[in-house]
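Q: If you scroll down you'll find the structure; I have some questions about it.
The values are calculated or read from the model by the stated rules, or taken from the named source; none is laboratory data. Source: prediction; values computed, not measured. Please note: Cβ atoms are built from the backbone with ideal geometry, for glycine as well, and neighbour counts cover all protein chains shown. All accessible areas refer to the heavy atoms of the entire protein, side chains included, with ligands and DNA or RNA removed. Shrake-Rupley method; radii C 1.70, N 1.55, O 1.52, S 1.80 Å.
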Amino acid sequence: MEQEQEQEQEQEQEQEQEQEQEQEQEQEQEQEQEQEQEQEQEQEQEQEQEQEQEQEQEQEQEQEQEQEQEQEQEQEQEQEQEQEQEQEQEQEQEQEQEQEQEQEQEQEQEQEQEQEQEQEQEQEQEQEQEQEQEQEQEQEQEQEQEQEQEQEQEQEQEQEQEQEQEQEQEQEQEQEQEQEQEQEQEQEQEQEQEQEQEQEQEQEQEQEQEQEQEQEQEQEQEQEQEQEQEQEQEQEQEQEQEQEQEQEQEQEQEQEQEQEQEQEQEQEQEQEQEQEQEQEQEQEQEQEQEQEQ
């Protein structure tokens with residue numbers, strides 16, 4: 001009997017041990033399930049973080065597109081400004097051409113005056129030799145006027161460059177010297193006429209004609225002064241154009257500085273985003289360490 005009891009006790013103990021083992025297995029299974037749930041939660045958190053990063057990248061792309069659109073608008077504005085400046089330059093060229101036409105009209109008036117002088121010379125029968133000399137002088141003046149017309153055409157071609165304008169001015173100065181020499185020659189001719197005159201009445205008529213010629217020369221000198229004033233105005237216009245170009249360069253430099261500041265701000269934002277991502281990674285690592293513990 002005692003043996004049976006012992007066997008029963010042993011069987012009971014074995015059953016208890018089996019129950020304990022089953023309980024331990026159940027506990028292990030529960031722990032495994034809990035670990036699986038934790039892993040699933042971690043995976044969900046990682047997916048959420050990835051989605052947030054994707055949203056941040058999309059926002060950055062939208063910002064870049066907006067910046068590109070702003071740059072395109074700025075380029076369009078610059079093109080409009082350039083077109084306006086070209087129109088202003090065309091208007092200035094038209095004004096210069098009108099001034100040149102006025103000079104041509106003045107020269108035509110001078111030619112009409114010369115024709116009147118020729119008619120007066122035809123009426124003067126007493127001084128045929130003197131009239132011939134005066135006609136030669138008038139022909140020389142006509143040639144000078146033709147040269148002046150040719151110079152005006154050259155000025156139209158030479159308006160594009162400032163250095164060529166300076167050369168034209170030098171040529172005009174040389175022409176003034178030639179006119180002075182011609183005036184000296186006219187004075188010498190007057191002296192010869194005074195010696196050739198035989199009668200006092202003829203001398204008086206010649207003196208009157210010489211006075212008229214001097215008045216015409218004074219008018220020519222006044223016209224030359226007007227041309228010099230026009231040249232000074234052209235130089236002032238060129239200086240104004242240079243000032244406008246300097247202002248445009250200053251504006252371009254300001255735009256470049258603004259673009260550099262925008263780039264620096266973008267870099268700072270990127271650095272802040274990187275720091276946030278690093279903080280998120282550190283938090284993930286701390287969570288993993290806590291779970292391991």
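Q: What percentage of the solvent-accessible surface of the range 209-263, computed with a 1.4 Å probe over protein heavy atoms, is contributed by carbon and sulfur atoms? Could the numbers behind the result be given before it?
A: Numbers: 1260 of 4650 Å².
The computed percentage sits at 27.
Q: Alpha carbons only, please: Rg and Dmax for the chain, in angstrom.
A: 52.5, 194
Q: Among Q147, Q51, Q135, pick out the residue whose Cα is farthest towards the positive end of the charge dipole of the chain, where Lys and Arg carry +1 and Asp and Glu carry -1 on C-beta, about the Cα centre.
A: The one lying farthest along the dipole's positive direction is Q51.
Q: How far, in degrees from 0 to 90, does helix 128-158 lean away from the longest principal axis of the Cα atoms of the chain, to the nearest 10?
A: Rounded to the nearest ten degrees, it is 0.
Q: Also, quick follow-up: Express the accessible area of the range 80-135 per residue in Å², computed with a 1.4 Å probe while the remaining protein chains stay in the model. Could you put the intermediate results ahead of the total?
A: Numbers: 4650 Å² over 56 residues.
So the range 80-135 comes to 83 Å² accessible per residue, rounded to a whole number.
Q: Placing +1 at every Lys and Arg Cβ and -1 at every Asp and Glu Cβ, with all other atoms neutral, what dipole size does the chain have around its Cα centre, in debye to the nearest 20?
A: On the way: 0 positive and 146 negative charges, 36 e Å.
The calculated dipole for the chain is roughly 180 debye.
Q: Measuring from centroid to centroid over Cα atoms, what is the spacing of the range 1-49 and the range 155-220 in Å?
A: The two parts, judged by their Cα centres, are 132 Å apart.
Q: Right, another one. For the range 216-257, what does the accessible surface come to per residue with a 1.4 Å probe? Please give it in Å². Numbers along the way, then the final one.
A: Details: 3550 Å² over 42 residues.
Per residue, the range 216-257 has an accessible area of 85 Å².
Q: Also: Using a 10 angstrom cutoff on alpha carbons, build the Gaussian network for the chain and name the most mobile of E134, E98, E124.
A: E124
Q: Taking the Cα centre of the range 123-268 as origin, sum charge times position over the Cβ atoms of Lys and Arg (+1) and Asp and Glu (-1), and report the length of that vector in debye to the nearest 20. Display every interim value, and only then the final one.
A: Values: 0 positive and 73 negative charges, 6 e Å.
It works out to roughly 20 debye.
Q: Carbon and sulfur atoms: what percent of the 1.4 Å accessible area of the range 1-154 do they account for?
A: On the way: 3690 of 14060 Å².
C and S atoms contribute 26 percent here.
Q: Now for a separate question. Classify the range 121-188: rounded, prolate or oblate, from the alpha-carbon gyration tensor (a ≥ b ≥ c, eigenvalue square roots; a/c under 1.5 rounded; otherwise prolate if a/b is larger than b/c)? Write out the running numbers ahead of the final one.
A: Working: a/c = 6.96, a/b = 2.49, b/c = 2.80.
Oblate.
Q: Between 0 and 90 degrees, rounded to the nearest ten: what's the tilt of helix 2-123 against the longest Cα principal axis of the chain?
A: 0
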